[in-house]
Structures are given as structure tokens and as C-alpha cells.
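Below is one structure; the comments refer to it alone.
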């Protein structure tokens, strides 16, 4: 039987997605398809902001689900399913970014327009992350391009932490588990990310003056101070 543990003994079993994954562990193809339907668009949207290209985000999402399926027999319900899934997505994205960096092929091409209405816009994301609201209205394309550049300057860990916080509404503890860091380190990481975004965006949102981005010759990004 796929789900034998009591939810009172294992609180993770209260998560319906955990129960679906336990069915997947028993080779239930319909359960796996249901999980893909629930999470595919969310993963694509998240990974698109991380790696900068929708087509690559779609490929990485398929890689994430492939890893989930291959790991099904080893799955144990120790946490929320989404935390486990996004831990895998974080690792997949990190590998992809390292590969891009080695090949010097980081591409910050325009994102596709096919995004879920439940996902925050880039403008909402940056405003929420930086705590700064614009003093004037901007053309949507103009603002999106600026926000895209600002988020792209964050390093890999800062970017993922911000996206998990704002896209997935994860708590500090959940982000820490997903990114395999301490809760205090995540709090510091998000604080620095918000400060970096504020420093970049504030002059633009106030006066239309964009601080120079990506000035490092090696194509690097704003690094953690750790």
C-alpha cells in the first residue's frame, strides 16, 4: 500500500503532494502526471528568472521531473513535497549556471510572454524584494527590462532565495532547507539581495537613472560578502 504511515505520526503526510509522491514511489503513472500538472508552470516560471531563457527553463524543468522520477524509489516523506522538489530545481539550476559560465554563454534574452497569472510580474517581484516603490509610471517593457537586468546582477544564491521567497512564498526555514543553508544565512542572504536591488533600482525609479549594471569584465554578478 502506497501510504501506510499515519499522518499523526508523520506530519508530512498531511501534504497532498507528498501522498501523490508516495503513489509515484509505487509506480503510479497517473500520480506522477498529476504532480507534473501541478508544478510544471511554476517551475518553468521560477527557472526562467534564474537562468534567463525560457527555452532553457523548459528543458531544466523536464530534467527536474526526470530526476524526481528516477529518485522515486528512494523518496521518503520528511518534508513538504514542494521543498523537496525545489531543492532538486535549485541544484539543477546551479549546475546549468555553472555550465553556462564555463562556456561564457550566459544569455539574458527576452523572456517569453507565456507566464501564469498566478506568478508575480518582474515589477512586483523587485518592488517587494527591494521595498522600494516607483515615484513615476514606466512603460511596461522599459520597466521589465530594467528589473530583469537588476535581478540578473544578483548572484546565484541571492537570486534563488529572492525567487523562492516571492514566487513560492516560502518561509526562511523552507528556503534554508531547499538551499541547504542555515536559516540565519538565508535571512542575511535575502537582506543583502534586497539591499542590492534597492541600490540598483532606487535611482532609476526616482529619476530614470539606471546604475551601470554588469560592469565587471568577466560577466560576473554581485557577490555575497561571506
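What to note about this one:
- Per-peptide average of other Cβ atoms within 10 Å, ordering 159-171, 61-73 highest first: 159-171, 61-73
- For the listed peptides 78-87, 41-50, a ranking on the average number of other beta carbons within 10 Å per residue, highest first, reads 41-50, 78-87.
Where a number appears in this text, it was derived from the coordinates with a stated rule and is not lab data. These numbers come from a predicted model, not from an experiment. Note: ideal-geometry Cβ built from the backbone for every residue, glycine included; neighbour counts use all protein chains shown.
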